[in-house]
Structure formats: C-alpha cells, structure tokens
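A short worksheet on the structure shown next.
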Amino acid sequence: MKKCGLKKSSLMIGMVVLLSAAFTLPAFADTIKFGHVAPPFHGQAKGVDAFAAYVKEKTNGKIDIATFPAGQLGGERSMAEQVQAGTLQIASLTTAVLQNFVPQCAILDMPFIFPDRKTAYATLDDTEVQEKIFSYFPKKGFAAIGWTENEIRDFTNNKRPVRTPEDIRGLKVRVMNSPVYLDTFKQLGASPVGIPFPETYNALQTGVIDAQENPILTTVLMKFTEVTKYVTRTQHCLTECIIVVGNDYWASLSPAEQQIFREAAKIAIETNRSVNASLHEALPKSNISIAQYAKDNGIEIIDLTPQEREAFRVAMTPVWDKYRKKIGDDIFDFMLEKIKVHQQ
C-alpha cells in the first residue's frame, strides 16, 4: 500500500513539474510559408529571403517565414489558388498569371508600355500606382503588398537578326501561357506556342520552335543561347510579380505586423533588383558579364534604336485596344499618365 501511495505521489509531483514548465516555456514561433518559382540564385529568390529575414527580425522571431523557391509548392496558378484557400500564406506571382484572378493587373503586361527600365521602376515605386493596382485584390481573396520581378523580357531566335516587327513574322515562338503574351506575338505575325518553360531548351534544339522570349539574364543562365544565336533587347514586357497574402492570414496580423510586412516587401524588391543587376555584370560561376559571355560565344546582341522600338510599340496598338476593353479605361489611362510623368 505504501508503495502505491509513493507512486501516486511521484506521479502527481511529476505532473505538477510538467505543467509548471509548460506555463513558463516561451511561445512557439508562427511558422508560415512563402512560395515562388524563381531559382535560389536569382534576384527574386534573394528578395524573398530578405523579406523573410526582415519579418523574423522585426517580430523578434514570432513570425518565422519558410521560403520555397523554384515552384516547390506548385505552379503559379496552383499557388494563387492555395493563397486564396488559405493553405499557403504568401506567394509572389507573375501578373501574367494573376490577371486570371484580377484582370486589372494585366495592365502591367501590356507590350512596350514601359519605354525603359528606369521609367518602369519609378512608376512601380509610385505610392499611388501601388494603391490603385493593389486595391483590386482583396475582393479576389488576396492582400497585395509589394513587388518582386523576373526582369524585362527580350527576344532570342535561331533564324535571323530581329530589328523590326516584320522580322518576327513567321517564327514559331515559345511564350508564357498567358493571353497577353499569346496575343502579342500573334499580332506580330508569329506562331506563339505556350509550352512549359522546362521544355524550352529541347524545343529550340529540335526545331519545334524557332525563338523564345525571356529576360536576357534568364536566357543566358538557362543556356538558351546555346541554341539561339540572335538576341534582341526588345524589352517588350516587364515580368513583374506581386507579393500576395491570403486575406484571412492578413486579417490575423496586427496593424504593426502588417506594416512590417509592407516594409519587408520594399526590401524584397530593392534586393531583387540589386542582385539581378549584379548578375548582369558577373554571371554565376563564370564571373563574367553578359556582354563578355556573348562575345566569347559568338552571340549577336542587338539593341533597338528609339525609332525601331517605337515601330514595335505602334504595332501593339490592337493588343492595347483589346485589353483596354477588358480591364477598363480607368486603370489604363491612369497607368499611361503615370508612365508619362515618370519618363525622363
């Protein structure tokens, strides 16, 4: 009997100790997921990592963000749906995909709408521009809080130098499977093909396609220049991504935490742009510039004159007219005016 009493006493003491410890343990960090499709070395991935680090620091570890690059959590459309459903807290997704949920953000994909990179950045950093574009998102299940990017897109092919819209006519071109991109190259007289990105190299090598359009940095890093020798810096579209947070998770954050997330988004895009710019001057592993790489590998890089670029912009008039009807005069005219203000 005494042994039984001792066991019960020991058990009670143990439970008291465990309960006391439980009440004195620090709260566990709130670990959430942030998904995107950029490879780990890319500026976009570095920007997302900087976002996560800033939030963790400013919340004293309360909010710990695990980042998932290279589409580990699925394709962009899948991640958008996950954010809407609340199974993924944050993602950075291209406007080419997000326009399927929020049509108004297609304004950023209009071909040749930005005259140059500097103007594009100044326009996107404009507070009024962000407020206007981001205002369309909450009704679709997203809180839009900032940008990342994959850069401005260029054109490569294995047939001929491209300086005019007519030079693209008849080429089979791999494009993102996005209505704006498909319409853009149809208008130029090409045969656009929305094949998956990972299949692009083989498609070029085997002649399934003649050309592809991606930022020149992506083109070099993915070795597309091994099978396409003509590069034209068309800079026809800025592949901008919007950082979206699920509405429910966003509402669970305090106003101070929401402000920290917005600050983190600014750090993300600054880091993103800075890293991408540095990669142009020092490619991974080789540590040479893109210009030197092209020279060493017999790749012709063509820079359009202002007159040649204007010819492409004029050729896009039917595409602009089509999407103006879809997304509305309000956002279209607003963006054109803002671009004009920031153009130097």
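Worth a mention:
- Measuring nothing but protein heavy atoms, the accessible surface of the chain at 1.4 Å probe radius is 56 percent carbon and sulfur.
- Here the chain is assigned +1 on the Cβ of each Lys and Arg and -1 on the Cβ of each Asp and Glu. Its dipole about the Cα centre then comes out at about 1240 debye.
- Stretchable slack from residue 317 to residue 81, in nm (0.36 nm times residue separation minus alpha-carbon distance): 81.7 nm
- Pairwise centroid distance, computed over Cα atoms, of the range 176-231 with the range 299-344, Å: 21 Å
- Contact order relative to length of the chain, as percent, for alpha carbon pairs under 8 angstrom and 6 or more apart: 24 percent
- Mean Kyte hydropathy of 0.0 or more with a Cα span along the axis of at least 24 Å, helices from DSSP in the chain: 2-24
- Relative contact order computed over the range 176-294 (Cα-Cα under 8 Å; 6+ residues apart), in percent: 15 percent
- For the chain, built as a Gaussian network whose Cα springs stay under 10 Å, the top-fluctuating residue of 107, 299, 152: 299
- Distance between the pseudo-spin-label points of residue 341 and residue 186 (7 Å out from Cα toward the beta carbon): 3.5 nm.
- Amide H to amide H distances under 5 Å link residue 191 with 170, 171, 172, 173, where only residues 5 or more positions off or on other chains count and H is placed in the peptide plane.
- Straight-line cross-link partners of residue 46 among the lysines, defined as a Cα under 25 Å from its Cα and at least 8 positions apart when in the same chain: 33, 56, 58, 62, 118, 223, 266, 285.
- Estimated from helices alone, the mean residue ellipticity of the chain at 222 nm is -14500 deg cm²/dmol (sum of -39500 (n - 2.57) over DSSP H runs with n ≥ 4, per residue).
- For the chain, with +1 on Lys and Arg beta carbons and -1 on Asp and Glu, the positive-most of 173, 148, 339 along the dipole: 148
- Net lengthening on full extension, residue 300/residue 287 (0.36 nm per residue, minus Cα-Cα): 2.7 nm
- Computed over protein heavy atoms with a 1.4 Å probe, the accessible surface of the chain works out to 48 Å² per residue.
- With the alpha-carbon atoms of the chain aligned to their principal axes, the span from lowest to highest coordinate is 98, 46, 33 Å, starting with the largest.
- Most fluctuating residue given options 187, 104, 89, as computed from a GNM of the chain linking Cα atoms under 10 Å: 187
- Positive-pole candidate from 267, 192, 289, dipole of the chain, charges at beta carbon: 267
- Unit charges at the beta carbon, dipole of the chain: most positive-side option, 230, 298, 217: 217
- Highest-fluctuation residue, 71, 35, 246 considered, GNM on the chain with Cα pairs under 10 Å: 71
- Phi to ³J(HN,Hα) by Karplus 6.51 cos²θ - 1.76 cosθ + 1.60 over the range 288-296, Hz, x for Gly, Pro: 10, 6, 4, 4, 5, 4, 4, 4, 5
- Sites residue 267 and residue 126 - FRET efficiency at Förster radius 25 Å, r taken between beta-carbons, to 0.05: 0.90
The values are calculated or read from the model by the stated rules, or taken from the named source; none is laboratory data. All values derive from a computational prediction rather than experimental measurement. FYI the Cβ positions are ideal-geometry reconstructions off the backbone, even for glycines, and counts take in every protein chain you see. Surface areas here come from the heavy atoms of the whole protein model, side chains and all, with no ligands, DNA or RNA. Shrake-Rupley method; radii C 1.70, N 1.55, O 1.52, S 1.80 Å.
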